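Following: one structure in structure tokens, then a few remarks.
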Amino acid sequence: MTEQTAVLLVAFLVGLVVAAVLLGTASRKILPRSAMAIAGLAIPIWVVYFASSQGRSRLASKGLLSTMPDALWLGLTFGVFTAAFFLALGYIYGDAKRRQMPAWTWVIAAFLIPNFIGFILYFVFRGPLLGLCTSCGKPVRGGEAFCSHCGGLQGSSIGRIAADNRTI
């Protein structure tokens with residue numbers, strides 16, 4: 001095994017782990033189906049491209065891999081990282097919608113701001129999860145004792161303590 005192949009194998013495995021973690025969120029219905037479809041197509045598209053004679057000749061012209069096994073590993077690695085990137089964008093979209101934030105704004109920011117800084121900014125500045133008021137059904141921050149819209153008592157323990165203190 002050459003050194004380049006070993007590096008590609010490690011990168012491929014890291015990308016698979018990232019993709020698996022992000023796909024684990026699909027069971028919570030956070031990831032949109034379009035992100036999963038794009039991620040599913042990314043791997044075969046890159047493998048076919050790098051396995052083709054055009055892809056191999058482009059790699060060879062740049063002094064990179066020229067053999068078929070190395071080109072396949074490179075295609076798998078690019079595909080997995082592309083899939084993980086689109087799954088992460090899908091996660092940001094679904095999570096921002098769940099938190100009632102501007103989802104497309106955050107997706108565009110994460111896509112355009114380089115070096116994954118856009119992703120980091122999303123996780124630093126994302127809002128809290130919102131629940132529904134038990135009285136009026138409007139969004140309420142988790143842990144609030146009373147609804148800011150109707151003043152209704154929420155089901156948290158803090159709310160029960162505050163209600164008990166008012167009756168004393």
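Which lysines have a Cα less than 17 Å from the Cα of residue 138, not counting those fewer than 8 places away in the same chain?
Of all the lysines, those that pass the test against residue 138 - Cα under 17 Å, at least 8 places apart if same chain - are 97.
How do the peptides 124-133, 90-99 rank, highest first, by the average count of neighbouring beta carbon atoms within 10 Å per residue? Don't skip to the end; give the middle numbers.
Values: 124-133: 13.0, 90-99: 19.9.
Output ranking for 124-133, 90-99: 90-99, 124-133.
Would you grab the residues whose amide H sits under 5 Å from the one on residue 146? Only those 5+ places off in sequence or on another chain, please, with H modelled 1.01 Å from N.
154
Charges only on Cβ, +1 for Lys and Arg, -1 for Asp and Glu: so what's the dipole of the stretch 3-127 about the Cα centre, in debye to the nearest 20?
On the way: 10 positive and 3 negative charges, 102 e Å.
It comes to approximately 480 debye.
Taking 0.36 nm per residue of separation and subtracting the Cα-Cα distance, what length does fully extending residue 48 through residue 10 add?
Working: separation 38, 0.36 × 38 = 13.68 nm, distance 2.06 nm.
In short, 11.6 nm is gained.
Every number in this text was worked out from the coordinates using simple rules, so none of it is lab data. From a predicted model like this one, the values you see are computed outputs, not experimental measurements. Note that each Cβ is placed from the backbone with ideal geometry, even for glycine, and that neighbours are counted across all protein chains shown.
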